[in-house]
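What follows is a single structure, written as structure tokens, with notes after it.
The values are calculated or read from the model by the stated rules, or taken from the named source; none is laboratory data. Computed from a prediction, not measured in an experiment: that's the story for all the values here. Every residue, glycine among them, receives a Cβ derived from its backbone with ideal geometry; neighbour counts consider all protein chains shown. Note: accessible area is taken over every heavy atom of the protein model, side chains too, but ligands, DNA and RNA are not part of it. Shrake-Rupley method; radii C 1.70, N 1.55, O 1.52, S 1.80 Å.
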Amino acid sequence: QVQLVESGGGLVQPGGSLRLSCAASGISYSRYAMNWYRQAPGKQRELVASITSSSSTNYADSVKGRFTISRDNAKNTVYLHMVSLKPEDTAVYYCNAKYSFLDYWGRGTQVTVSS
């Protein structure tokens with residue numbers, strides 16, 4: 001059974017930081033590209049950051065320089081380190097694993113940036 005379990009979300013003040021984690025099980029993790037998406041209320045889900053099986057990374061323009069994606073293949077875990085958070089970063093953040101036609105999602109973790 002494939003599981004992607006996100007953790008690390010919460011309430012943070014503007015300018016603060018959070019680190020999200022996503023633990024994967026039931027897949028050959030090292031083969032998968034791992035992605036973080038987010039969805040704010042009333043908006044479409046958007047790709048925030050991605051990391052390939054060879055650890056090449058890519059970021060949405062809105063988070064470049066503030067967010068860092070990384071992976072630990074020994075722990076089957078992908079991270080999203082977020083700094084200088086803004087109210088517009090408020091959303092549910094989803095972990096996604098992709099390999100060929102295989103595509104798995106976590107249930108999401110809420111990130112709220114507010115004073």
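With respect to the conditions (1) touching a residue at least 40 places away in the same chain (Cβ under 8 Å); (2) open to solvent by less than 60 Å² (accessible area, probe 1.4 Å); (3) out of contact with any helix residue (DSSP H, G or I) (no Cβ under 8 Å at 6 or more places or on another chain); (4) polar (S, T, N, Q), N76 falls short on a single one, namely (3). Within the stretch 43-60, the set of residues being within 16 Å of Y94 (Cα to Cα) and either part of a loop (DSSP other than H, G, I, E, B) or at pLDDT below 95 (or both) comprises K43, Q44, R45, A60. Applying the criterion of being hydroxyl-bearing (S, T, Y) and within 22 Å of S17 (Cα to Cα) to the residues of the stretch 43-79, the residue that is farthest from the chain's Cα centre (by Cα) is S62. Selection of the stretch 1-59 for residues being closer than 30 Å to S115 by Cβ, small (G, A, S), free of Cβ contacts under 8 Å to residues at least 40 places away in the same chain and surrounded by fewer than 17 Cβ atoms within 10 Å (Cβ to Cβ) yields only G42.
Looking across the stretch 61-72, just one residue is open to solvent by 40 Å² or more (accessible area, probe 1.4 Å), outside any loop (DSSP other than H, G, I, E, B) and under 15 Å from S84 (Cβ atoms), and that is T68. When we screen R107, R38 for residues that are among the basic types (K, R) and in a strand (DSSP E or B), the only hit is R38. If the condition is being hydroxyl-bearing (S, T, Y), open to solvent by less than 70 Å² (accessible area, probe 1.4 Å) and in a strand (DSSP E or B), then the stretch 79-104 contributes Y79, Y93, Y94, Y104.
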